[in-house]
1. Where the second residue is in a helix (DSSP H, G or I) and open to solvent by 60 Å² or more (accessible area, probe 1.4 Å) and the first is among the basic types (Lys, Arg) and lies in the range 166-179, which pairs have Cβ atoms under 9 Å and are six or more apart or on separate chains?
2. Touching a Ser or Thr at 6+ places or on another chain (Cβ under 7 Å), open to solvent by 10 Å² or more (accessible area, probe 1.4 Å) and at positive phi - does that describe any residue in the range 191-198?
3. Among the residues of the range 73-110, which ones are touching a residue at least 40 places away in the same chain (Cβ under 8 Å), assigned to a helix (DSSP H, G or I) and open to solvent by less than 20 Å² (accessible area, probe 1.4 Å)?
4. Could you check, for the range 225-233, whether at least one of its residues is out of contact with any Phe, Trp or Tyr (no Cβ under 7 Å at 6 or more places or on another chain), among the acidic types (Asp, Glu) and modelled with pLDDT of 95 or more?
Amino acid sequence: MKSIRWHLAHNRHLDLGLQAHIMGILNVTPDSFSDGGRYGSIDDVLRQAERMVEEGASIVDIGGESTRPGASAVTAEEEQARVLPVIEAISRRMDVIISVDTYRSDTARRGLEAGAHIVNDIWGLQHDPAIANLAADTGAGLVVMHNSREREIRRAPILDQFDFLQKSLLIADEAGVSRDHIVLDPGFGFGKDAKENIEIMAHFEELGAFNLPFLVGTSRKRLLGSLIGREPQDRDIGTAATSVLLRMKGAAIFRVHNVAANRDALAVADAVLFTNKSDQ
């Protein structure tokens, strides 16, 4: 597994590949499936962000609209009212990479101005292609996610990954985004059933053909509930199991709710991945 430097806004970067990186999920929403409504004030949010960093998060991902199935859409103004004060407060208080989780270019722009380094787009630049232009202009890092919602998909899930993500990368290329600013995400969940998610995991190493780093996000998702029969708050062990599996298959960044559990699991995976076999 080679090292790749991921270039981000505000002259920051992360070196990916030789160590698993964790993106801590910080949803400032009333209705997210796992942690909606948990944080009542900026101080509560800051304490959680500090806890994530202490436990090993390299990135804090801040979202202001729930993306769970059936969630109500919010306006850009409401989304920004939720996320911008949090981004500003964290960027003043802490030296951590900040990601703004949005598919709107205006929210992305204002989030970057407030101190974010990354735009995490669940629609892979295909809902609002202006995000690609914004990244090209600002040097922001991009997480380009596969999404199966609201469209026709190919019968073979891994082939649909290539179709969708190649289209997203073409949008990025046409906007002038350098590939060293891009990380891909297979979008576990997001219109995929349990069988499709498992098939993507089983064939995940095939996505290495993109020659780009991958972020994965299985944390507490319905996929895990279908496998282990537990409620979202009790799915952290299952999450850590998928993190290890996907790390061994090449994933670089892990978007999770429970940072400490996944840090420990991924430390074991990295020890195995980078053991000098000749010393055994």
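1. Listed pairs, sorted by first residue: 179/173.
2. Residues of the range 191-198 that are touching a Ser or Thr at 6+ places or on another chain (Cβ under 7 Å), as a first pass: 191-192, 194.
Now drop any that are not open to solvent by 10 Å² or more (accessible area, probe 1.4 Å), which leaves 191-192, 194.
From the residues that got through so far, the ones that are at positive phi too are 191.
Yes, that holds for at least one residue.
3. Within the range 73-110, 83, 86, 89, 90, 107 meet the criteria.
4. Keep residues of the range 225-233 that are out of contact with any Phe, Trp or Tyr (no Cβ under 7 Å at 6 or more places or on another chain), which gives 225-231, 233.
In the following step, the residues that additionally are among the acidic types (Asp, Glu) were identified as 231.
Adding the requirement that they be modelled with pLDDT of 95 or more leaves none.
Checked against the condition, which is being out of contact with any Phe, Trp or Tyr (no Cβ under 7 Å at 6 or more places or on another chain), among the acidic types (Asp, Glu) and modelled with pLDDT of 95 or more, the range 225-233 yields no hits at all.
The values are calculated or read from the model by the stated rules, or taken from the named source; none is laboratory data. No experiment lies behind these values; they were computed from the predicted model shown. Neighbour counts are summed over all protein chains in view; Cβ atoms, including those assigned to glycine, are modelled from backbone coordinates with ideal geometry. Accessible surface areas use protein heavy atoms only, side chains included; no ligands, DNA or RNA. Shrake-Rupley method; radii C 1.70, N 1.55, O 1.52, S 1.80 Å.
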